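The values are calculated or read from the model by the stated rules, or taken from the named source; none is laboratory data. Treat the numbers as computed from the prediction; the structure is a model and nothing was measured. All Cβ positions, even for glycine, are placed from backbone atoms using ideal geometry, and neighbour counts span all protein chains on display.
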Amino acid sequence: MADQSKRWILMTTAQTPTNIAVIKYWGKRDENLILPINDSISVTLDPEHLCTTTTVAVSPSFDRDRMWLNKKEISLSSDRYQRCLREIRSRANDFEDEKKGIKITKKDWENLHVHIDSYNNFPTAAGLASSAAGFACFVFSLARLMNVKEDLGKLSAIARQGSGSACRSLYGGFVKWNMGKNDDGSDSVAVQLADEKHWDDLVIIIAVVSSRQKETSSTTGMRETVETSKLIQHRAKDNRRLVSELHLIFLILILARVQSFRIIGCVEKWNSAEGSPQAAYTFDAGPNAVLIARNRKVAALLLQRLLFHFPPHPDTDLDSYVIGDKSILKDAGVKDINDVEALPPPPEIKGNIPAQKYTGDVSYFICTRPGRGPVLLGDESLALLSPETGLPK
Ligand code: DP6
């Protein structure tokens, strides 16, 4: 039995990446267990640019489970949090730290309360997969704190019950979520297809057109699609995914805005002028465009076009307009706002058609690349909770 008289606090901090799906998960066959109607595939994004950091703490002095997200206390009462907590607690194991005088048995974990503090280094719920990184980090950090021995695949099935796309954030690189067949969801897990080094010059540029919370959540959007769309039923049955993916693009674009279409237009114009795809684009249930370039050379050409058509306000600092991997800016030959203003119209803009510029359409760009899976942060100074009080620092 854990010594309740001691005021010890045991803490773990972890960092977990976001992911962007290239074959989308859209629609559930079981809303409670979060079981999808199709397999999906994603790229895990470099956590240096987009990630969730979570500190979890346990102490006999805590009187209830509490959680903070981006410095604000939030309720843990939703089924999704409760289910993940229950699944992790039921797999907890004995833990002992003789030096600190901490001994927790498997049974103790049922009665000990946790504090969870989570922070996203990107806008929450702006369509940047914050629930994916968030639930992946929630499950991964609690599992490590509670000495859970299950492998990442098993943890992915727990994270899936928090938010479907979260299961793919348990791995780095290129990840597939197998929809599975079992009613209990035990085979609906993520697997790594290739690690982040497999395609290490792949560049992903996210055009954040709005950092406001998105108006329709993925959960609601996909429920309405499953209820009302014949195409989605076809997609669920159809193995020729790429063809049926086209249908999905139209469904997801309903959540896009006029700025999103202008970004699509810029890429489409370039691709058709070249006669072959240069850059690809995708959206995750929100207006932010995610642009994909197969190597750094193509990424530099893409960024030149994006900055030409979507320049920052003249008083915006370029350093805060293009964030993440800034070396792409250097490759594009752009070091300051004067260089942006001096960018020539891309060759696909033909002579007498005036080049369109949409200042203010994009809030900022994030340049990133494939990244690694979850890690523990051993350095205690990086913890979000105070080791003395167990409350946010
Ligand atoms: C468009 O995982 O956020 O990003 O399972 O209801 O929490 P819930 O939905 P969520 O949906 C993500 C949808 C998507 C596509 C994808 O990531 O595959």
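Which ones in the stretch 23-41 are within 9 Å of the ligand (Cβ to nearest atom) and either in a strand (DSSP E or B) or of a type in the set (Gly, Ala, Ser) (or both)? ILE23, LYS28, PRO36, SER40, ILE41, listed by residue number. Scanning the stretch 44-58 for residues that are within 14 Å of the ligand (Cβ to nearest atom) and farther than 18 Å from ARG160 by Cβ yields LEU45, LEU50.
The residue list ASP319, ASP315, ASP339 contains one member that is acidic (Asp, Glu), touching a Gly at 6+ places or on another chain (Cβ under 8 Å) and farther than 30 Å from ALA190 by Cα, which is ASP339. Of the residues screened, THR18 is one that is closer than 25 Å to VAL375 by Cβ, polar (S, T, N, Q), touching a strand residue (DSSP E or B) at 6+ places or on another chain (Cβ under 6 Å) and within 13 Å of the ligand (Cβ to nearest atom). Against the condition in a helix (DSSP H, G or I), within 30 Å of TYR364 (Cα to Cα), within 16 Å of the ligand (Cβ to nearest atom) and touching a residue at least 60 places away in the same chain (Cβ under 8 Å), how does PHE122 come out, does it pass? No, not satisfied. Looking at the stretch 287-305 only, could you name the residues that are surrounded by fewer than 22 Cβ atoms within 10 Å (Cβ to Cβ) and more than 16 Å from the ligand (Cβ to nearest atom)? Within the stretch 287-305, ARG294, ASN295, ARG296, LYS297, VAL298, ALA300, LEU301, GLN304 qualify. Screening the stretch 196-224 for residues that are touching a Gly at 6+ places or on another chain (Cβ under 6 Å) and within 16 Å of the ligand (Cβ to nearest atom) and picking the one that is modelled with the lowest pLDDT gives LYS214.
Hey, does the stretch 57-79 have a residue that's more than 30 Å from ALA207 (Cβ to Cβ) and within 18 Å of the chain's Cα centre (by Cα)? Scanning the stretch 57-79 turns up no residue that is more than 30 Å from ALA207 (Cβ to Cβ) and within 18 Å of the chain's Cα centre (by Cα).
Conditions tested, residue by residue: (1) assigned to a loop (DSSP other than H, G, I, E, B); (2) out of contact with any Leu (no Cβ under 8 Å at 6 or more places or on another chain); (3) over 24 Å from PRO374 (Cα atoms).
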residue: SER61; (1), (2), (3): yes, yes, yes
residue: SER77; (1), (2), (3): yes, yes, yes
residue: TYR81; (1), (2), (3): no, yes, no
residue: LYS100; (1), (2), (3): yes, no, yes
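For the stretch 301-343, a residue qualifies if it is among the polar types (S, T, N, Q) and outside any loop (DSSP other than H, G, I, E, B), and the qualifying residues are GLN304, SER320, SER327, ASN338.
Going through (1) modelled with pLDDT of 75 or more; (2) out of contact with any strand residue (DSSP E or B) (no Cβ under 9 Å at 6 or more places or on another chain) one by one, LEU193 falls short only on (2). Scanning the stretch 267-286 for residues that are touching a strand residue (DSSP E or B) at 6+ places or on another chain (Cβ under 9 Å) and either in a strand (DSSP E or B) or within 16 Å of the ligand (Cβ to nearest atom) (or both) yields ALA279, ALA280, TYR281, THR282, PHE283, ASP284. Of the residues making up the stretch 245-267, those that are surrounded by 15 or more Cβ atoms within 10 Å (Cβ to Cβ) and modelled with pLDDT of 80 or more are GLN259, SER260, ARG262, ILE263, ILE264, CYS266, VAL267. The conditions of being under 20 Å from LEU10 (Cα atoms), more than 12 Å from the ligand (Cβ to nearest atom), in contact (Cβ under 8 Å) with a residue 40 or more places away in the chain and not acidic (Asp, Glu) are not met by LYS106.
Checked against (1) among the charged types (D, E, K, R); (2) within 16 Å of the ligand (Cβ to nearest atom); (3) touching a Lys or Arg at 6+ places or on another chain (Cβ under 7 Å), ASP325 passes all but condition (2).
Restricting attention to the stretch 80-96, the residues that are in contact (Cβ under 8 Å) with a residue 40 or more places away in the chain and over 21 Å from the mean Cα position of the chain (by Cα) total 8.
The conditions of being outside any strand (DSSP E or B), buried (at least 19 other Cβ atoms within 10 Å of the Cβ) and in contact with a Gly (Cβ under 9 Å, 6 or more places away or on another chain) are not met by ALA92.
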